[in-house]
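**Q** I am attaching a structure below and will ask some questions about it afterwards.
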Amino acid sequence: MTDTAPAALSSERFAALTGAIAASVGQVIDGKPEAVRSALVCLLAEGHLLIEDVPGVGKTMLARALAASIDATVRRIQFTPDLLPGDVTGVSVYNPVDREFEFKQGAVFAHIVIADEINRSSPKTQSALLEAMEEGQVTVDGATHPLPDPFLVVATQNPLEMEGTYALPEAQRDRFMMRISMGYPDAAAEALMIRQRDTVNPLAAVSAVTDADTVRALIAFARSVHVAPAIEEYTVALSRATRSDPSLHLGASPRATLQLIRAAKVRAALDGRDFVIPDDVSELLIPVLAHRLLPARGAHRAGAQPVEAALEQIVARVRVPVASRA
């Protein structure tokens, strides 16, 4: 599908290609269209996706299905306590024949990197992804090595209360555009899964429906979506409100504001619009911002999610821009 250039991509072609990717992933992930859509938003907004949930609900399956739907390089890294930063980024190895050091690429050199159970490795190893996720490159022994384009990290993590986990530091969480939770399937989807997957691996039926060149064209199309100044001001107001909210100890960073706009552009394009509306921003507020924020001391209550509750209150009180009749 390399015949599609960014300049020639129409809204109809965008809808057809993104629909094909979503349908391909949906073959494997039953009853979770919002999770599939979130993964697609991160891919096309040039962000990274963090999937947090208990084991066995399809976190890794979603990441692998997305990777299988795109004809691009894919690497999977199983994060374990003994994983080293060099295993992720690569190392310099001495070549006795040429009498010089050669760089051996690590597992991060791929279009799509599946970081499985990222919070089971030490913070030192987790930090090996910081430069890669922010700048699309890695620096080893003073030499900088660019990563493939497009570049997407889909990381899975288990809840922190489970054994053998390390909390992701704030700087690491801020690199992820969105955090989602898969949740348990409903009864019908779980029964269908039992019937269909007892003897067959659903990933075996997934084939690539697009390639890296076409994904770059889709990304370029999403970038062209218009954001009115009023929408920009609305987005900034939402982010600034998190920094002054008494129930939050740590508010949204400027990076979070930028990624909220990028995700809103993709959401608008997926809905067939070439402009962003307030709902694009407000509907993405929790998945884009919640994992970056910290509740204030004493904000925890039994059965409550203080960060999500604070974001819902912020959306309710920040004035929504009204379209001009001119």
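The values are calculated or read from the model by the stated rules, or taken from the named source; none is laboratory data. Since the structure is predicted, the reported quantities are computational estimates derived from the model, not experimental observations. All Cβ positions, even for glycine, are placed from backbone atoms using ideal geometry, and neighbour counts span all protein chains on display. Remember, those area values only see protein heavy atoms, side chains included, never the ligands or the DNA or RNA. Shrake-Rupley method; radii C 1.70, N 1.55, O 1.52, S 1.80 Å.
**Q** Pick out the long, greasy-scoring helices in the chain: whole DSSP H runs spanning 20 Å or more along their own axis by Cα, mean Kyte-Doolittle at least 0.5.
**A** Those that clear 20 Å and a mean of 0.5 are 11-26.
**Q** Within the chain, what's the longest run with no GluC sites (Glu not before Pro) in a DSSP loop and at most 14 other beta-carbon atoms within 10 Å? Give the range, please.
**A** In short, 164-326.
**Q** Which residues does a label at E102 reach in segment 73-95, if reach means a backbone N under 16 Å from a point 7 Å past the Cα toward the Cβ?
**A** Only 90-95 pass the distance filter.
**Q** In whole Å, what is the distance between the alpha-carbon centres of segment 200-229 and segment 14-73?
**A** Each part reduced to its Cα centre gives a spacing of 10 Å.
**Q** Continuing with this model, one more query. Leaving ligands, DNA and RNA out of it, report the carbon-plus-sulfur percent of the accessible area of segment 179-254 at a 1.4 Å probe.
**A** Reported share for carbon and sulfur atoms: 57 percent.
**Q** Continuing with the same structure: How large is log10 I(q)/I(0) at q = 0.13, 0.22, 0.23 Å⁻¹ when the Debye formula is applied to the Cα atoms of segment 206-325, each weighted equally and without solvent?
**A** -0.58, -1.18, -1.25
**Q** How far apart, in nanometres, would the label points at S10 and L250 be if each is projected 7 angstrom from Cα along the Cα-to-Cβ direction?
**A** 4.7 nm
**Q** Moving on to the next point. Say each of A188 and A143 gets a label point 7 Å from the Cα, pointing the same way as Cα to Cβ; how far apart are those two points in nm?
**A** So the label points at A188 and A143 sit 5.7 nm apart.
**Q** Using the Karplus equation 6.51 cos²θ - 1.76 cosθ + 1.60 (θ = phi - 60°), what ³J(HN,Hα) coupling, rounded to whole Hz, does each residue of segment 134-151 give in order, writing x for Gly and Pro?
**A** 8, 10, x, 7, 10, 10, 10, 6, x, 9, 9, 10, x, 9, x, 10, x, 9
**Q** List the aspartates and glutamates whose alpha-carbon lies under 18 Å from that of K104, not counting same-chain residues fewer than 8 positions away?
**A** Answer for K104, where 18 Å is the Cα cut-off: D87, E131, D141, listed by chain and number.
**Q** Please give the length that would be gained between R173 and E232 if that part of the chain were fully extended, namely 0.36 nm times their separation in residues minus their C-alpha to C-alpha distance (nm, one decimal).
**A** 18.9 nm
**Q** Short version: ³J(HN,Hα) in whole Hz for each residue of segment 106-121, in order, from phi by Karplus 6.51 cos²θ - 1.76 cosθ + 1.60 (θ = phi - 60°), x for Gly and Pro, what are they?
**A** x, 5, 6, 7, 7, 5, 10, 10, 9, 9, 7, 6, 4, 8, 9, 9
**Q** Next question, about the same structure. Over the chain, consider all pairs of different Cα atoms and compute the Kirkwood hydrodynamic radius from their mean reciprocal separation; express it in Å, one decimal.
**A** Result for the chain stands at 21.0 Å.
**Q** What 222 nm value per residue comes from the helices of the chain, counting each DSSP H run with n ≥ 4 as -39,500 (n - 2.57) and dividing by all residues, nearest 500 deg cm²/dmol?
**A** It comes out at -12500 deg cm²/dmol, rounded to the nearest 500.
**Q** What is the set of long-range amide H partners of D71 at a cut-off below 5 Å, with H atoms built 1.01 Å from backbone N?
**A** V209, T210, D211, A212
**Q** Using modelled amide H (1.01 Å from N, peptide plane; none on Pro or chain starts), what sits under 5 Å from the amide H of L152, excluding residues fewer than 5 places away?
**A** Long-range HN contacts for L152: I112, V113.
**Q** At a Förster radius of 35 Å, what calculated FRET efficiency corresponds to the Cβ-Cβ distance of S224 and S92, to the nearest 0.05?
**A** Computed FRET efficiency for S224 and S92 comes out at 0.30.
**Q** Which residues' amide hydrogens lie under 5 Å from the amide hydrogen of R76, considering only partners 5 or more residues apart or on another chain, with H built in the peptide plane?
**A** Amide H to amide H, under 5 Å and 5 or more residues apart or across chains, R76 pairs with I114.
**Q** Under 20 Å from the Cα of K59, which lysines turn up, not counting those fewer than eight places away in the same chain?
**A** Hits, sequence-local ones excluded: K32.
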